[in-house]
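For reference, the structure discussed in these notes is given below.
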Amino acid sequence: MPVLDSTSAKPLIGGRRQSLPGHGHEERLPEPVCFPSGDLFSAEDLDHDAVKVINRLTYSGYTAYLVGGCVRDLLLGLVPKDFDIATDARPRQVKRLFRNSRIIGRRFRLVHITFAGKVLEVSTFRALRDPLQGTEDLLILQDNVFGKPHEDARRRDFTINGLFYDLQRRQVIDYVGGLEDLRRRILRTIGNPWVRFREDPVRMMRAIKFAGRLGFRLADDLYQAIIDCREDIRKAAPPRLLEEILRLMQMGGAHRSLRLLYKTGLLHILLPEVARALDARVGAREDASFWASLREIDRISASGVRVPSTVLFGTLFILPLHGVVIPAAPGAELPRFPEVDRMMEDLLRPAALRLRISRRDVAGMKQIFRAQRYLTASQLKGRQKRRAMGMVSRPWFPEAVMLLRILSAAEGRFARELAFWSEQVPDSPRPFIRKPPSRRRRARVS
């Protein structure tokens, strides 16, 4: 694809690189780079509902572009997960045009348009703000000041996410040098990374997610800014952090992303239990198997299989529980269940409170951890065998076998046990349904 080919004779970026907010340079008149998309991707790659929304907004007299990750992924030859739209129409104006829409958000109002279970996100162009004025804390709490396309592009987090696609003219519009960074496969912030991370600390997680998923290199100043600003991650809302951890592990970049989290020190803040276990096992066999298990998660994700959150977190927390829920070596004895339950509670409870992990996921992790005691056993007799076979009907049993599959690939053992238990996984596992509380009334005493 020409936009990514470093040997291409076509000039990708014309003119001078624009001054960006936070760099301390005088703002110049924006000079966008417009690049025809005909030889980059086909119109058939676009979402039909997104095309309908843009056409209706354009017909009504508004400007509307595809923006962000969908444009980036189309240029990289990937299948976009979402198609986001940016427009100069205000949220209430968009809502009047689409009956199947609703306005959401407090910090920045957005419009969600629903099509048969699919949601398209429509945002209004945001105005530039001076990050160096006002309070010392740069954290953005409210952002409903609307502006023009070139301002909105420079308000976005990374250059590769600041690209617009003009459906009417069939061209990519670049105000921030994102096309050049896509070609060089480098991740840069739009503006001063220290300022951008203080505005929204979750951007550090997003940077690592994109680097891991796309295989991009972090720019030197961006990498240093993550190290300098990592303590600010404590200011982010726990649900957002939990969501980003799951995303960076589910999107095919778990191994590379966790490496970056560990190297930058973010893992020591988000999951200190896992980070401490890694620190204590550097160079050991458990350390190598931990990273190998993340590569196995990437392989499973690449095959199109979704890895459940309980298995993802189970893969992380299995390291500090190595030798507790699975034998450290063939024939090694494991602690008794009361001691195992106490160790799991001491490990999982602080992490669950810190990241707001749901009770259901914590309970699921405990169940699949307990199951490994039976699944990894070379021989089961009597009551143990009956208990093990009783697990097959449990709703969490397929997840326990998936964790066993990851551990087997990472540690190079349990192959025979995995083959047996994989055959026991039901074709249609019973869904987990929480039982309602009992409503039986106590007998009245006459």
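The values are calculated or read from the model by the stated rules, or taken from the named source; none is laboratory data. What you see is a predicted model, and the numbers here were worked out from it, not measured in a lab. All Cβ positions, glycine included, derive from the backbone under ideal geometry; neighbour counts span all protein chains shown.
Side notes on the structure shown:
- Test result for G283, outside the structural domain of V362 (by TED's automatic domain parsing) and at positive phi: no
- Residue in the range 113-123 that is among the β-branched types (V, I, T), over 22 Å from the mean Cα position of the chain (by Cα) and closer than 15 Å to F164 by Cβ present: no
- Any strands (runs of 3 or more DSSP E) falling wholly within the range 1-118 and containing at least 2 residues that are modelled with pLDDT under 80 and touching a strand residue (DSSP E or B) at 6+ places or on another chain (Cβ under 9 Å): 33-36
- Remark: pairs (first residue in the range 61-76, over 17 Å from D49 (Cα atoms) and not assigned by TED's automatic domain parsing to the domain that holds V111; second residue of a type in the set (K, R) and modelled with pLDDT of 95 or more; Cβ separation under 9 Å; 6+ apart in sequence or on different chains) are absent.
- Search result, residues across the range 177-235 that are under 15 Å from L266 (Cβ atoms) and assigned to a loop (DSSP other than H, G, I, E, B): D200, P201
- Those residues of the range 268-294 which are crowded, with 16+ Cβ neighbours inside 10 Å, more than 16 Å from V324 (Cβ to Cβ) and among the aliphatic types (A, V, I, L, M), in sequence order: I269, L270, L271, A275, L278, A292, L294
- In the condition set (1) more than 19 Å from the chain's Cα centre (by Cα); (2) at positive phi, G252 is compliant with all but (1).
- Qualifying residues in the range 377-403 (those that are closer than 27 Å to V307 by Cβ and either in contact with a His (Cβ under 6 Å, 6 or more places away or on another chain) or among the basic types (K, R) (or both)) - the one surrounded by the fewest Cβ atoms within 10 Å (Cβ to Cβ): R387
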